[in-house]
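Shown next, in structure tokens, is the structure this report addresses.
The values are calculated or read from the model by the stated rules, or taken from the named source; none is laboratory data. Bear in mind that the values here come from a model prediction, so they are computed numbers and not experimental data. Backbone-built Cβ (ideal geometry, glycine too); neighbour counts: all protein chains shown. SASA here: full protein model, heavy atoms, side chains in, ligands and nucleic acids out. Shrake-Rupley method; radii C 1.70, N 1.55, O 1.52, S 1.80 Å.
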Protein chains: 2
Amino acid sequence: MLYSVRMRAAQGGSHEAGGKHISGAERLVSYEQLRPTADAMLERALSHSRGAADFINITIETISMSTVREITCLPINSVNVTDAAAGRQAAQAKLVQAGVDPVAAVNGMEQLAGLSSSLRGAMLVCAKTGARLDSTGQRGIRVSRMDIDDEQAYDDWLTGQGYCNIHIREAVVLASKVVAAPEVVAELCWSDDPEYTAGYVATPVAYTRFTHLKPYGSEVGGRIFFIKENADLEKLAAYLKYQPVLVKVPPKEAKSDAVSR
Amino acid sequence: MLYSVRMRAAQGGSHEAGGKHISGAERLVSYEQLRPTADAMLERALSHSRGAADFINITIETISMSTVREITCLPINSVNVTDAAAGRQAAQAKLVQAGVDPVAAVNGMEQLAGLSSSLRGAMLVCAKTGARLDSTGQRGIRVSRMDIDDEQAYDDWLTGQGYCNIHIREAVVLASKVVAAPEVVAELCWSDDPEYTAGYVATPVAYTRFTHLKPYGSEVGGRIFFIKENADLEKLAAYLKYQPVLVKVPPKEAKSDAVSR
């Protein structure tokens, strides 16, 4: 038996009451890890760089192991860029390379860049046209019920490549779940943490990190999933929200060559 | 600044999805107490006599001290009865003494006794007719955002009278908030904990505990608030759900005489 532990924190009231999203977290843990995990999430919600939360919600649910799907973690590549403009150009090229139509890549990027406040979840946009496909507005679709299978092995794998921040730690797990969906062509994301300028493009082949995808100090972030034309959106949303996924650290030989960090 | 910490736990899915209510808890605590309080609630949800929860939700919200209302804790009287039938008869007499119409006292008692599963919150019933006034069904109205002002003084006060279980500890705080509402004539409650047979009638004057109000082993409990005719139900529900209340331990001279325990 596993436990899904989910946290969301907001400022100025609950998310439902229009509060500003401060932080969120997702874990799948054992009974023994349950209470320490919830406590760590609480601590995190109370001390986030986006501000102090005045609303925190933690939900815990049992997950039967028989429902858990195992997938392999994406290899990570890192691309150094000098600023957000250069990063966005490179990310756009990566999206197109993954099969996103150039028009859709531009449209999607503009939608993410044009947000006035952060999305708690993700936008679904058409990989052909760039038109938004979901109707969840500012809430977006939250990816839930996933975690790394072996925490220690994952930390070793990440630090061995020079990655040691919590953003990438969580994003690689999330992106690995997202692009394992057959409906997804690619994901584009940059953080809502004002101190964290890096972002990524994830495809079924790799997680490509760009050192700058937004200017330092910007609190507006979010994620876009580029979706195949005529995909079953309900099926996709159910997978993203409800399918428990444990992400396995890739075997040694499949390690990214990590040419640059 | 205070923090409202609320927990609800269910089995067989969330409450919203029709799961069976396992336990709930309400606290108003300082920043320092926040994390230990949430952790203690989690522990409690995981080890309740009603069963193991497979859904737990903890919500935390800041409460400005300026919005907090202070009220005095009800004195406690205890009435020994031999069984649930005798307890219910005595409780009915206490309700009538408090101003509940005999018809309404009988009707209310029958509604509580006739439940097939526990109510998470309370039923509002007319103190004149016994007719149910709220439309919250099996959910009931949950009393929220209250706590004891001085935990140590309260524990001393309770144990000095021979009360040391968590049920009475929480129920006296809740009942003190409830009967402080001008719309409420009295409250009748017995627990959903199968191991706890005692229950109580609370009036603006006292909390009267009956040693048996239901048979041992019964998992069905709930609470009824008897409401004055023509009361403003919306105002009452808002008070019960949202008004932060700190309950103060009564001064020494106001101590209950606690003739029997």
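The share of alpha-carbon pairs in region B:79-221 lying farther apart than 26 Å comes to 19%.
Carbon and sulfur atoms: what percent of the 1.4 Å accessible area of the protein assembly as shown do they account for? Whole-percent figure for carbon plus sulfur exposure: 51.
Projected onto its three principal axes, the C-alpha set of chain B covers 47, 47, 37 Å, listed from the longest axis down. The stretch between residue A:64 and residue A:115 holds 14.6 nm of extra length on full extension. This uses 0.36 nm per residue minus the Cα-Cα distance.
Counting Cβ atoms of other protein chains within 10 Å of each residue's Cβ and taking the mean over peptide B:28-39 gives 2.
Note on residue A:159/residue A:31: beta-carbon distance plugged into 1/(1 + (r/R0)^6) with R0 of 35 Å gives a FRET efficiency of 0.80.
The string of couplings for region A:166-182 from the Karplus curve (6.51, -1.76, 1.60, θ = phi - 60°) is 5, 4, 5, 3, 7, 5, 5, 5, 4, 4, 5, 5, 4, 6, 6, 6, x Hz, one whole number per residue in order, with x for Gly and Pro.
Distances between copies of residue B:165, taken at a point 7 Å out from Cα along the Cα→Cβ vector and listed shortest first: 5.4 nm.
Ranked from shortest, the separations from the 7 Å Cα-to-Cβ label point of residue A:182 to its equivalents in the other copies are 6.6 nm.
Taking all Cα-Cα distances within region A:20-156, those exceeding 21 Å account for 61%. Each Lys and Arg adds +1 at its Cβ and each Asp and Glu adds -1 at its Cβ; summed about the Cα centre, region A:111-175 shows a dipole of about 660 debye. Annotation: per residue accessible area for chain B equals 41 Å², rounded to a whole number [probe 1.4 Å, protein chains only]. Taking the inverse of the mean 1/r over every pair of distinct Cα atoms in the protein assembly as shown gives a Kirkwood hydrodynamic radius of 25.5 Å.
Take each residue of peptide B:58-65, count the partner chain Cβ atoms within 10 Å of its Cβ, and average: the result is 5. For residue B:185, the residues whose amide H sits under 5 Å from its own are B:226, B:227, B:228, ignoring neighbours fewer than 5 places away on the same chain, with H placed 1.01 Å from N.
Our note on the geometry: Cα centres of region A:221-246 and region A:3-32, 20 Å apart. Build a GNM of chain B with springs between Cα atoms under 10 Å apart, and of B:231, B:171, B:198 the one that fluctuates most is B:231. With its label point put 7 Å out from Cα toward Cβ, residue A:137 sits 2.5 nm from the same residue's point in the other copies, in order from shortest. Inter-chain Cβ neighbour count for B:99-112, averaged per residue, equals 0 (cutoff 10 Å, partner chain atoms only).
Once the C-beta distance of residue B:234 and residue B:151 is scaled by a Förster radius of 22 Å, the resulting FRET efficiency is 0.10 to the nearest 0.05.
Axis-proximal residue of chain A for the rotation onto chain B, reported as residue and distance in whole Å: A:58, 2, based on Cβ position. Given the -39500 (n - 2.57) contribution per DSSP H run of 4+ residues, what per-residue ellipticity at 222 nm results for the protein assembly as shown, rounded to the nearest 500 deg cm²/dmol? Roughly -9000 deg cm²/dmol at 222 nm, from the helical runs in the protein assembly as shown.
Excluding ligands, DNA and RNA and using a 1.4 Å probe, chains B and A jointly bury around 1700 Å² of accessible surface, summed across both partners.
Residue B:66 contributes about 100 Å² of solvent-accessible surface, heavy atoms of the protein only, 1.4 Å probe.
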